[in-house]
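Colleague: Below you will find the structure I want to go over with you.
Laboratory data are not the source of any read-out in this text; all were calculated from the coordinates shown. Only a predicted model underlies this, so the values are computations on that prediction, with no experimental measurement involved. Don't worry about glycine lacking a Cβ; one is built from the backbone with ideal geometry, like all the others, and counts go over all protein chains shown.
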Amino acid sequence: RIVQLPDVLREAVLSEQARELILSHHGVLDAVVTSPQTIERFVKFPDALDAILRTPQARRRIATLSDVVKSIVADEAARASILSNHGLLDAIVSSTEAHQRIVVLAPVLRRTVQSPEALRAVVEDEALVTRILTDHRVARNLELSARLNAIAEFRKIWHRLKPFVDPDAPELNERFATVQAGLHDRHDVPAAIVRLLTVDGRLQLASGTLRIPDERAAWCLINEILLNESYHFECATKNPRIIDAGAHIGFSIYYFKTLFPDCEITAFEPVPALREIANENIRACGFTGVTLEPFAIAAAEGTQTLTQPTSDSMAGSLQHESKDGHETFEVRTMPLSRYLGEPVDCLKMDIEGSEYEALEECKHLLPNVHHIFCELHRVSAKDDRMQRVLTILSGANFDYWIAPSWADQHVTEQRTMQHVGRPQSLLLWAKNRSPRTPPS
């Protein structure tokens, strides 16, 4: 009866003693918060609304009543009270019935993304995220739109990565919430993904941990090997023989061992620091059946100078000089023909420009290989090296597929014409048309 009498209600909500009685009497409180007409009266008195909103029971009750939320949202003073009350905001956003009415209001949405609990509730509702990102009021707010788009992209990548990640990694959920809350635009996403997966300098993956040399390399490898699964192939045997030329830190070895636990891998990494990390990663994951050689693959056995840029662990090369800071090493070289005398199920090559002469040298043995993955570096219309590689593969009975490398694809996806004529990196996949006969 009290809550239906506006004059009595006004005096009651303005009286501190009366408010305390209402807040301590569950029956009266329930009557107040379940009546849209009453709430409409309450929101005209911010001090009274604040008193109600300080009660967790009232917040939960209000948040689950969409008509009540609608009444509150319609009042500017009431919206201000919501924005200053994280408890109510979290409760509203966690309520499917209520949040779709409120989060499309830009001031409320800005405060929502500042509250970890409210943010988590919003982004876990894909339909709501789509609605928010397509709302013209949000689109006009560039800062807010950039942050929400970054969060959406971050969660999309995380969803694809989850099968490869250790679900029991230390404090994974806590790191996820912290990293997500720190996103401001899409440029933050790569570093955020690496930070999410990394504990004490090691990626926490489903089949073991991998030490990483730098964040840039980690992001590139995560994209190429885990998200795109560029090294995936199918095989009739459970213990395929794999040649890995350019093993880097052993991320490719990790992937092959995840795909085929009993595979036999002969890998090559000539850079001492990277080879040390690769060996450490192999031991940490408990992999067997892996031989890691210190050689660089080239056209002939011998010794050559390898240039390793200090800013990019993935760019060590026998062919290219670095204009920036770099180290040089004298390394032993070996031709691929030494290792292709027996059937090979997969030959993976990422050797920074030496792939052309290496394939030329072993072309007579390529029929022994069933799958080839190769990154072709510094491809240019000014020379015919790529065409020679394709001619070699066709002559060895291979079908092939070519695509831009992950790095080049992202660099050239806008204003592509400006990049015409520049050297580029291409990924090549090749499959022998002759069926591989499993060993008896």
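Colleague: Starting from the 7 Å offset along Cα-to-Cβ, what nm value, one decimal, do you get for the label separation of Thr178 and Ala236?
Modeller: Result: 5.2 nm between the two label points.
Colleague: If you don't mind, another one. Answer rounded, prolate or oblate for segment 355-400, using the Cα gyration tensor with square roots of eigenvalues a ≥ b ≥ c: rounded when a/c is under 1.5, else prolate when a/b is larger than b/c, else oblate.
Modeller: Working: a/c = 1.84, a/b = 1.82, b/c = 1.01.
Prolate shape, in that a/c is at least 1.5 and a/b is the bigger ratio.
Colleague: May I pose another question? Want the number for Ala273 to Arg388: 0.36 nm per residue separation, take away the alpha-carbon distance, what's left? Before the final figure, lay out the partial values.
Modeller: On the way: separation 115, 0.36 × 115 = 41.40 nm, distance 3.35 nm.
Stretched out fully, the Ala273 to Arg388 stretch lengthens by 38.0 nm.
Colleague: Per-residue counts of other Cβ atoms within 10 Å, averaged by peptide: what ranking do you get for 347-357, 364-374, highest first?
Modeller: Numbers: 347-357: 22.1, 364-374: 20.0.
Ranking, from highest mean packing down: 347-357, 364-374.
Colleague: Also: Can you figure out the FRET efficiency of His187 with Thr303, using R₀ = 51 Å and their beta-carbon distance, to the nearest 0.05?
Modeller: Numbers: r = 43 Å, r/R0 = 0.84.
Efficiency, from the Cβ-Cβ distance: 0.75.
Colleague: Okay, moving on. So how far apart, in nm, are the two label points at Arg160 and Leu21 if each is 7 Å from Cα heading toward Cβ?
Modeller: Between Arg160 and Leu21, the label points sit 6.3 nm apart.
Colleague: I would also like to ask the following. Strictly over 23 Å apart at the Cα level, which of Lys156/Lys257; Lys257/Lys348; Lys382/Lys431; Lys238/Lys348; Lys257/Lys431; Lys238/Lys431 would you flag in this model? Could you put the intermediate results ahead of the total?
Modeller: Working: Lys156/Lys257 26 Å; Lys257/Lys348 14 Å; Lys382/Lys431 27 Å; Lys238/Lys348 18 Å; Lys257/Lys431 20 Å; Lys238/Lys431 18 Å.
Beyond 23 Å: Lys156/Lys257; Lys382/Lys431.
Colleague: Also, quick follow-up: Please work out the FRET efficiency for the pair Glu215 and Ile402, using the Cβ-Cβ distance as r and a Förster radius of 51 Å; give the result to the nearest 0.05. Can you show the working numbers first?
Modeller: Values: r = 29 Å, r/R0 = 0.57.
Efficiency, rounded to the nearest 0.05: 0.95.
Colleague: Any idea how far apart Glu229 and Thr328 come out in nm if each label point goes 7 Å out from Cα toward Cβ?
Modeller: 4.4 nm
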